[in-house]
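The values are calculated or read from the model by the stated rules, or taken from the named source; none is laboratory data. It should be emphasised that the depicted structure is a prediction, and the values quoted were computed from it without experimental measurement. So basically every Cβ, Gly included, is an ideal-geometry build from the backbone, and we count neighbours across all protein chains shown.
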Amino acid sequence: MSATAMRTLAGISVPQTPIVDRALEHARKACEPYLFNHVVRSWLFAERIGQLHAIEHDAEVLAVGTLLHDITLNERFAGPRRFEVEAADLARGFATEAGLDKYRAQQIWDCVALNSTPSIGLYKEAEVALCTAGVCLDVVGLHYSSIPSAEMKAIAAEFPRLGMKRQMTLCFCHIAATQPETTYDNFVRDFGERLVPGYKVPTSSVDLVANAPFDE
């Protein structure tokens, strides 16, 4: 990416470009306040990790992917696929409409689709890996010490958590209760099994292998 205008947000230097501004505004409209703060913190963490480790990356792709990674995490979610994939399609459409080429739009799709699958996302391209790292830091504290304490406090002060643990738990339980077929192979299953009365895993990987339609 060519030289980009920058600005400081909660003490972190981030790109200030038309598509980043549009992604910020889109996230603000699509997300509840606690969730908007989460996606912004995740972006700031992701960008700062890249800076601290001198990881070369496309800062616009990282910004758009991280800011839009949770736009389907709400009670309006109705599937039919897992919420990350539905969000990834929307984010890629946003990027394409904004004029990004096919490769950069696909990187954004990967950022969104894999943000909650660190066992894959952390080993993808820099943009995807940084997005995953930023999101996981904010949700579960992954590599919490990678950001200096003073910077963490400044980011949280400007974009407070607003009861995110409780709010996200409610969203995950809503998905497990209303769209269980989207949860059999991802972390939302854990919330369903522990917190949603009557939740039943739609299928098992063991059954899928055993029932594959082949003669052996």
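Some observations on this one:
- Residue identified as within 22 Å of Leu142 (Cα to Cα), without any contact (Cβ under 8 Å) to a residue 12 or more places away in the chain and aliphatic (A, V, I, L, M) among Ile120, Ile108: Ile120
- Against the numbered list (1) free of Cβ contacts under 8 Å to residues at least 40 places away in the same chain; (2) in contact with a Pro (Cβ under 6 Å, 6 or more places away or on another chain); (3) among the aliphatic types (A, V, I, L, M), Ala59 comes up short only at (1).
- The stretch 167-179, subset surrounded by fewer than 15 Cβ atoms within 10 Å (Cβ to Cβ) and β-branched (Val, Ile, Thr), residue farthest from Phe36 (Cα to Cα): Thr178
- Once the stretch 1-25 is narrowed to residues that are assigned to a helix (DSSP H, G or I) and more than 21 Å from Val139 (Cα to Cα), the residue that is farthest from the chain's Cα centre (by Cα) is Pro18.
- Selection of the stretch 69-98 for residues being in contact with a Leu (Cβ under 8 Å, 6 or more places away or on another chain), assigned to a helix (DSSP H, G or I) and of a type outside the set (Gly, Ala, Ser) yields Phe83, Glu84, Leu90, Phe94.
- Subset of the stretch 180-216 that is touching a residue at least 60 places away in the same chain (Cβ under 8 Å) and assigned to a helix (DSSP H, G or I) - its residue that is surrounded by the most Cβ atoms within 10 Å (Cβ to Cβ): Val188
- Check on Ala10, surrounded by 14 or more Cβ atoms within 10 Å (Cβ to Cβ), at positive phi and either touching a strand residue (DSSP E or B) at 6+ places or on another chain (Cβ under 8 Å) or at pLDDT 95 or above (or both): yes
- Within the stretch 153-166, the set of residues being out of contact with any His (no Cβ under 9 Å at 6 or more places or on another chain) and either touching a residue at least 60 places away in the same chain (Cβ under 8 Å) or buried (at least 21 other Cβ atoms within 10 Å of the Cβ) (or both) comprises Ala154, Ile155, Ala156, Ala157, Glu158, Pro160, Gly163.
- Considering residues of the stretch 45-68 that are over 16 Å from the mean Cα position of the chain (by Cα) and in a loop (DSSP other than H, G, I, E, B) only, the residue nearest to Asp21 (Cα to Cα): Asp58
- Among the residues of the stretch 1-35, the ones that are free of Cβ contacts under 8 Å to residues at least 24 places away in the same chain and within 18 Å of Thr72 (Cβ to Cβ) come to 3 in all.
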